[in-house]
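Step one of this worksheet: look at the structure below.
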Amino acid sequence: MRDFGTFCVLVRRLGGLRQEDLATLTGLGQSFLSMLESGVRRLTNIDKIIMMLDGLDVPIELTGPMLRTSAHPTPPHGEPSGSLGHSPL
């Protein structure tokens, strides 16, 4: 999905979140998210994209290794990463 505004709306609806909640999770401002969802702004800055994906714990399998940060180390080959990229509890 290339439209991060639509992505934000879907995440919020599915998660029962407000824009303020999404802002807290991602570190992006609520006003920025509002403009993003309405199409006034676009998310093109790679650092902000990574902030959003990291804040939402989007698994590496969905983003690819180019968007992997040091906070989410790649598991050794053949080892499952667990649900949503985390090790099982």
Index of the failed condition, Met35 passing every other in (1) of a type outside the set (Gly, Ala, Ser); (2) out of contact with any helix residue (DSSP H, G or I) (no Cβ under 6 Å at 6 or more places or on another chain); (3) open to solvent by less than 40 Å² (accessible area, probe 1.4 Å); (4) at pLDDT 90 or above: (3)
Mind checking which residues of the range 49-88 are part of a helix (DSSP H, G or I), modelled with pLDDT of 70 or more and open to solvent by less than 70 Å² (accessible area, probe 1.4 Å)? Ile49, Ile50, Met52, Leu53, Asp54, Gly55, Ile60, Thr63
The listed residue being modelled with pLDDT of 65 or more, surrounded by 15 or more Cβ atoms within 10 Å (Cβ to Cβ) and not aromatic (Phe, Trp, Tyr), out of Arg13, Arg41: Arg41
Show the residue pairs meeting these rules: Cβ distance below 6 Å; 6+ apart or different chains; first residue within the range 31-52 and more than 14 Å from Thr6 (Cα to Cα) and among the β-branched types (Val, Ile, Thr); second residue modelled with pLDDT of 95 or more and open to solvent by 70 Å² or more (accessible area, probe 1.4 Å). none
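The values are calculated or read from the model by the stated rules, or taken from the named source; none is laboratory data. Quick caveat: nothing in here was measured; it's all calculated off a predicted structure. With ideal geometry, Cβ positions are generated from the backbone for all residues, glycine too; neighbour counts draw on all protein chains shown. Just the protein is used for accessible areas: all its heavy atoms, side chains included, with ligands, DNA and RNA removed. Shrake-Rupley method; radii C 1.70, N 1.55, O 1.52, S 1.80 Å.
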